[in-house]
Each structure stands twice: as C-alpha cells, then as structure tokens.
Amino acid sequence: MTCIFRYPVTVGAEAVSLPMLEVLAFLGLVAVISLSGVLLPGPMTAATIVKSYTDKWAGAKVAIGHAFVEMPLVALIALGSTFILDDDSGAIVIIGLLGGAYLLVLGSTIILDKGFIREDEEEAEKFSRNAVTIGVATTLLNPAFHVWWITIGVFLVTQATEYGLIILIVFAAVHWLTDLGWGIAISFSIQKVKQFYASRAKEVIRYVCAAIILLFGAYFAISSGYEIIVG
C-alpha cells in the first residue's frame, strides 16, 4: 500500500508509529468499502429479510454461511491462487449459470412456500435451520461476489498481506464483521416491527424479496448464457 505519510508524525510530544498509522488507515478503508458492499441490495440480503421474519438470528446465520465461502477465498487470494477465478478460466460463467438457476429456484420457492414466513414455531424452526445453507449458496453462486473479490478483494488482500499474517486476519475479521453487523441489524429490525405488519403487508414483503431474487437469478443466467454464446 502506498504510504501517504512520508515523514515521522507526532501527536503532542509523542511520536506515532508510521506503520500503525498506515494499518489504521487501511483498516478504516476496509470497513468503509466492506460496508458499502453489504448495503447494496442483493440475493443474500433479500433472503435474509425473508428468513428474519421467523428467526431474529437469521442474519447472523446467513453471515456465518457467507463466511464459510469468503474466508477460504481470502486465504486462496493471499496464497496467490487467484488464477482459479481468472476471467479467462470460465469459472465466472459457470458460477453465473449455476447461481442464476439456484436463485430462480429460491425465488420461486419463496413465492410458492409460505413456510418461509410462517409463524408456527415448529415450521419456523425447520426453515430457520437452513439460514446458514442459504448464506453459503447465495454467496457461492453469486457471480457478483466473485467479481468483487477478483477486483477490489484482490487489491485489499494484497495490501493486507504486506503488513503480515496478523493484519491479514484482522482484515478478514473487519470485513466479515460488517456482514455480520448488517445481517443482525436486518433481522432485529424485522423482528422489532413485525408485530405491526398486517397479513397483506407480510405477503407484500415476501413477494418483493422473491422478485428481487428472481431478477438477480434471471440476470446471472442470461448474462452468463450470453457470454457462452458470444464467446
């Protein structure tokens, strides 16, 4: 990472460590970039909203599933294995097709299966157990996720590795904590206000989230199919 502090920096009478300033600035950048990413609407956010109606910890579970995919990817990038997701490898196209198909199925299931927002405790328990799996699937089969990591992600991991293993671990933790915090905020917000939802409003939320997931699924599938045809 290019150093923006070329000379010793002092605060009062005490000198501030130049590397420490760089590291703090870098981690601040990571937090901002990560937060801007999780705030964007996407299939994982939509699925989290739906699951949160019956489980206030759904956001945390989805974030855990997300981490199962993301953390090994960070390790691979740090080890220099980015060729796995190179644009010329065709991996993104395959992920796009699989991800599009999965999201189309997920969106259709949300529309057809009212159990996704059912308030019956036994049924809610059954569906909420799948929140971690949904976190894994909506991450692994999301081409936008992989594109983010082979562009912005590679840059951030490369900079983190220059500071050593400990900072790389801290980087991964800061990045994931933004996902976790956002997921928990969604779930607790839904739980807090759901008592005010009328039955019709509840259905509207379900259909809107399903529509978002279906749109992403169609986009991933069509754009990936186009790449195969053109390529």
Fill in the blank from the handout: Net charge (Lys, Arg +1; Asp, Glu -1) of residues whose beta-carbon lies under 11 Å from that of Val62, Val62 excluded, is 0
Problem - Peptides 48-54, 135-141, 188-194 ordered by average Cβ neighbours within 10 Å, highest first - result: 48-54, 135-141, 188-194
Fill in the blank from the handout: For the stretch 219-225, in residue order, the Karplus 3J(HN,Hα) values (coefficients 6.51, -1.76, 1.60; θ = phi - 60°; whole Hz; Gly and Pro = x) are 5, 4, 5, 5, 5, 5, x
Exercise for the section: Fewest Cβ neighbours within 10 Å first, please rank Trp57, Trp148 accordingly. Expected result: Trp148, Trp57
Fill in the blank from the handout: A correct Karplus calculation of ³J(HN,Hα) over the stretch 162-171, with 6.51 cos²θ - 1.76 cosθ + 1.60, θ = phi - 60°, whole Hz and x for Gly and Pro, returns 5, 8, x, 4, 4, 5, 4, 5, 4, 4
Fill in the blank from the handout: Cβ density ranking, 10 Å radius, fewest first, applied to Met44, Met71, Met20 yields Met20, Met71, Met44
Completion exercise
Computed ³J(HN,Hα) along the stretch 182-191: with the Karplus parameters 6.51/-1.76/1.60, θ = phi - 60°, integer Hz and x for glycine or proline, the list is 5, x, 5, 4, 5, 4, 5, 5, 4, 5
Practice task
Could you calculate the FRET efficiency of Ile166 with Ile205 from 1/(1 + (r/R0)^6), where r is the beta carbon distance between them and R0 is 35 Å, rounded to 0.05?
Solution key: 0.25
Problem - Cα convex hull volume per residue for the stretch 23-76 (Å³) - result: 94
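Throughout, read-outs are computed from the coordinates displayed, never taken from laboratory work. Only a predicted model underlies this, so the values are computations on that prediction, with no experimental measurement involved. In this analysis, Cβ positions are derived from the backbone assuming ideal geometry, glycine residues included, and neighbour counts consider all displayed protein chains.
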